[in-house]
Amino acid sequence: MTNSFKVKLGQGGFGAVYEGKLPTGCPVAIKILNASKGSGEDFINEVASISRTSHVNIVTLLGFCLEGRKKALIYEFMANGSLEKFIYKGGPETIASLSWENLYQISIGIARGLEYLHRGCNTRILHFDIKPHNILLDENFCPKISDFGLAKLCPRKESIISMSNTRGTMGYVAPEMCNRHFGGVSHKSDVYSYGMMLLEMVGGRKNINAEASHTSELYFPYLVYRRLELDNDLRPDEVMTVEENEIAKRMTIVGLWCIQTFPNDRPTMSKVIDMLEGSMNSLEIPPKPMFSSPTRSVTESSS
C-alpha cells in the first residue's frame, strides 16, 4: 500500500506520514506512529476524536491498523500538503505564495472546522495543536484540520476541563495552558492558537523570532498591533490593492482578538466566523496584546 515507504509526505513528533494507494488506486496518506512514543495514548486520542467527525474542513480518517506495537492511521490524501508550505515568505520549505483571497477563504474554512469541533459534535473536541503544519490543503486549497494526537474529548455541558500537563506547540499555546492564573483550559485555548496562526498568515512569518535584534521584534503580535494602530501597511514589503488591504486588516483584527490573554476576552469560533464574514465597520480594534512571548517549555507536541 505504501510502495515500501518511498514517498514521505511529512514528519511529526508522533511519527511519519507516507503516500500510499488503496487497491482501487485511490491515493491515501498513511501515518505510521512511533512505537517508542508513550503507551499509545496519541493513537487512541486520534482514533477516538476523529472517528466522531464528519465535516468538509476536517481531514477524513479512512481506517487504522493496530498490530502489537505497530500503529498506523489511513487518511484521505491532501494534494497540496500543509499550509505552512505557503505562508512563510522566504522559508526553507516554502514552495509558493497564496493570493489574499485564498488566504481569506482558508482562514474561514479553518474557523468553520474548529467551530464544528467545538459545537457541532455530540462530544466537544478540543484539538490543542492548531498550527499551520496541522492544516492540510486539498487540490482546491480547501483547508482541513488534521493531527488529533493531542486532542481531548469534553462533554458539551462542561466549559472548563482538567489538564495534568501542557499540550501544544511553542508559539501557539494559550497562556492558561501554562499558568492557571490566566483562567481555565477550554475551547478558548484552540481559539488562541487559531489567532496566532491567522497573524502568521497575514505577516508571512512565524510569530516568534528568536534571532530578533530588538525586543519589540521578538513577539510578532505586538509588532502587528503597532502597524494596525499606526495604520501602517501590514505587509510593508508588498504592494497591495484596497481589497487586499481590507482582507489583511480584517484577518489581523480577528487574530488579535483571538490571542487576548484571558480566555473570557476571546471570541468563540462562531463569533470568529461572524467577524470574518461580517461588515468591517462592526469590527472593533482589540486591546494591545500582552508584550511577552512564551518561554516556558511545552511538554507535549504532535510535531
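Only the coordinates and a few stated rules stand behind these numbers; no lab work does. What you are looking at is a predicted structure, and each value in this text was computed from that prediction instead of being measured.
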State whether the range 8-76 is rounded, prolate or oblate according to the following rule on the C-alpha gyration tensor (a ≥ b ≥ c being the square roots of its eigenvalues): a/c under 1.5 gives rounded; otherwise a/b larger than b/c gives prolate, and the remaining case gives oblate. oblate
Once amide H atoms are placed 1.01 Å from N in the peptide plane, what residues at a sequence separation of 5 or more from F64, or on another chain, have their amide H within under 5 Å of its amide H? I74
Listed by chain and number, the residues whose amide H is under 5 Å from that of R205, excluding neighbours fewer than 5 places away on the same chain and using placed H, are K89
Once the principal axes of the Cα atoms of the range 107-218 are found, what is the range along each, listed largest first in whole angstroms? 47, 42, 20
Rg/Rh (Cα only; Kirkwood hydrodynamic radius) as it applies to the range 109-155: 0.98
q = 0.12 Å⁻¹: log10 I(q)/I(0) that the Debye formula gives for the chain, counting C-alpha atoms only: -0.78
From the alpha carbon gyration tensor of the range 214-269, can you work out the equivalent ellipsoid semi-axes (sqrt of 5 times each eigenvalue) and give them in Å, largest to smallest? 22, 16, 7
